[in-house]
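Reading through the structure tokens given below for one structure.
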Ligand code: ADP
């Protein structure tokens, strides 16, 4: 399917499509070819103020009082709009991000499912009655926060927008969303699709750079919460700036997740899970299982198959149906990933396969990186400690279980982990010992709406995808009523 892109995209503020106050734009490119896809408005502080005002007006003007059932129905309609336009939206993300079209199609499915989950959840959000002393009624209301700022990354552009927008809308908030500067197009198309589903100003979309558009959103005193997904470094800054006006934050940050293979595992299943865990989405996912702990008794055989399979992965143009890995998001990202490979070699690791951009002439202009397996890695090396965010797997051999678990946990992150064993006891015991917000047993990268996703340690604060996520978009109001009709005499 072809797609006709506009030459110029505008900001979505208060239900209108407008240029940025400065008139500035930036180019968004197709990383697989280097071609410019479109010019996009570059928002600054003034636009942030306009968008927050519009969101506040929409909130006060009615969205906060809409009944939850209506909000739920609106979310079902958004889900349907995504499903009806999923090929177009998937193509936009594939063009803008470099991920394969097949991967982008999965994102669209996940995005629609997310809106549907929170559509159903919207009218399940309840307050409670507290049994208190005397002739009193004491009840607790769950009220929305008001205006919420949401800042998302480029790795799953539309899906991340869905993960953020759906629970915030279901709980009755109005939103200013800032997509990543690398991948603004699908969020803008979503803005068009939802413009006749939710009232003007309920969702505002500001495209632009982090420091110019993201930072003023975080600093705006009327923004009651910032929901952010991105790097740990920017997450720290956001938390510090949100503190200035005591805004709430949820942060979904980096990861360096272990995949632990016990000798009694179903090794074929483990191999599939390890490949998916590190190479899905070109390795650009916070959940990536980027440190593989292989037991010494299975090490040689497993590694041999892993290398064979990694070499056989088809790296190719993102829109080709046969491509299994597309382009990374940018030249900077490609350079960063390849630099990490070099760094690993300097630290004493060995490249078992990959480690470079593919040689095929038709891929030269893109930002591709071959599926890479590093062996002889020690957990203290930078390649095993820092998030590479590319298709690079660090393999480590273990024999002592206690030491292996210590190493699996010896990292600043704690987002995910994979455990592969047929011993049910060992599986649960290991899950118990792992310091991570998500542990997958005999599977990897499986997300379910309703199941909380988020990190321990420096991988973040708060959880997404769960029913409780709705609570993070509300504040409690306690109402205490005297029913006795008599004045309370204290003096
Ligand atoms: P990455 O390094 O993977 O690009 P970032 O954490 O830099 O991830 O970016 C994630 C999102 O955060 C993007 O939308 C980006 O524009 C935004 N961002 C970057 N810097 C800031 C900042 N200082 N304040 C607010 N948002 C920012």
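The values are calculated or read from the model by the stated rules, or taken from the named source; none is laboratory data. Only a predicted model underlies this, so the values are computations on that prediction, with no experimental measurement involved. Methodologically, a virtual Cβ is constructed for each residue, glycine included, from the backbone with ideal geometry; neighbour enumeration extends over all protein chains shown.
Would you check which residues across segment 180-206 are touching a strand residue (DSSP E or B) at 6+ places or on another chain (Cβ under 6 Å), in contact (Cβ under 8 Å) with a residue 40 or more places away in the chain and within 22 Å of residue 249 (Cβ to Cβ) and list them? Residues satisfying the conditions are 202, 203, 204, 205, 206. If you check 215, 240 for being within 11 Å of the ligand (Cβ to nearest atom), closer than 13 Å to residue 48 by Cβ and either out of contact with any helix residue (DSSP H, G or I) (no Cβ under 6 Å at 6 or more places or on another chain) or in contact (Cβ under 8 Å) with a residue 24 or more places away in the chain (or both), only one passes: 215. Checking the structure you have, find out if any residue of segment 262-281 is touching a helix residue (DSSP H, G or I) at 6+ places or on another chain (Cβ under 7 Å), in contact (Cβ under 8 Å) with a residue 12 or more places away in the chain and in a strand (DSSP E or B). The answer is no, given that none of the residues of segment 262-281 is touching a helix residue (DSSP H, G or I) at 6+ places or on another chain (Cβ under 7 Å), in contact (Cβ under 8 Å) with a residue 12 or more places away in the chain and in a strand (DSSP E or B). Any residue in segment 184-192 that is within 14 Å of the ligand (Cβ to nearest atom), surrounded by fewer than 24 Cβ atoms within 10 Å (Cβ to Cβ) and in a loop (DSSP other than H, G, I, E, B)? No, segment 184-192 has no match at all.
Within segment 454-491, restricting attention to residues that are free of Cβ contacts under 8 Å to residues at least 24 places away in the same chain and outside the structural domain of residue 144 (by TED's automatic domain parsing), the residue that is farthest from the chain's Cα centre (by Cα) is 491.
Kindly check whether there is at least one residue in segment 135-149 that is assigned to a helix (DSSP H, G or I), touching a residue at least 12 places away in the same chain (Cβ under 8 Å) and over 24 Å from residue 285 (Cα atoms). No. Is at least one residue of segment 164-172 surrounded by fewer than 22 Cβ atoms within 10 Å (Cβ to Cβ), more than 8 Å from the ligand (Cβ to nearest atom) and over 18 Å from the mean Cα position of the chain (by Cα)? Among the residues of segment 164-172, not one is surrounded by fewer than 22 Cβ atoms within 10 Å (Cβ to Cβ), more than 8 Å from the ligand (Cβ to nearest atom) and over 18 Å from the mean Cα position of the chain (by Cα), which makes the answer no.
Residues of segment 218-237 that are within 11 Å of the ligand (Cβ to nearest atom), in contact (Cβ under 8 Å) with a residue 60 or more places away in the chain and under 12 Å from residue 52 (Cα atoms): 218 alone.
Just so you know, in segment 328-354 the residues that are closer than 24 Å to residue 180 by Cβ and in contact with a helix residue (DSSP H, G or I) (Cβ under 7 Å, 6 or more places away or on another chain) include one that is surrounded by the fewest Cβ atoms within 10 Å (Cβ to Cβ), and it is 340. Every test in (1) buried (at least 22 other Cβ atoms within 10 Å of the Cβ); (2) in the same structural domain as residue 360 (by TED's automatic domain parsing); (3) on the phi < 0 side of the Ramachandran plot is passed by residue 247 save one, and that test is (2).
Residue count for segment 306-321 under the criterion of being outside any loop (DSSP other than H, G, I, E, B) and under 19 Å from residue 334 (Cβ atoms): the result is 2. Among the residues of segment 198-234, what is the count of those that are under 18 Å from the mean Cα position of the chain (by Cα), part of a helix (DSSP H, G or I) and surrounded by fewer than 24 Cβ atoms within 10 Å (Cβ to Cβ)? The number of residues fulfilling the criteria is 4.
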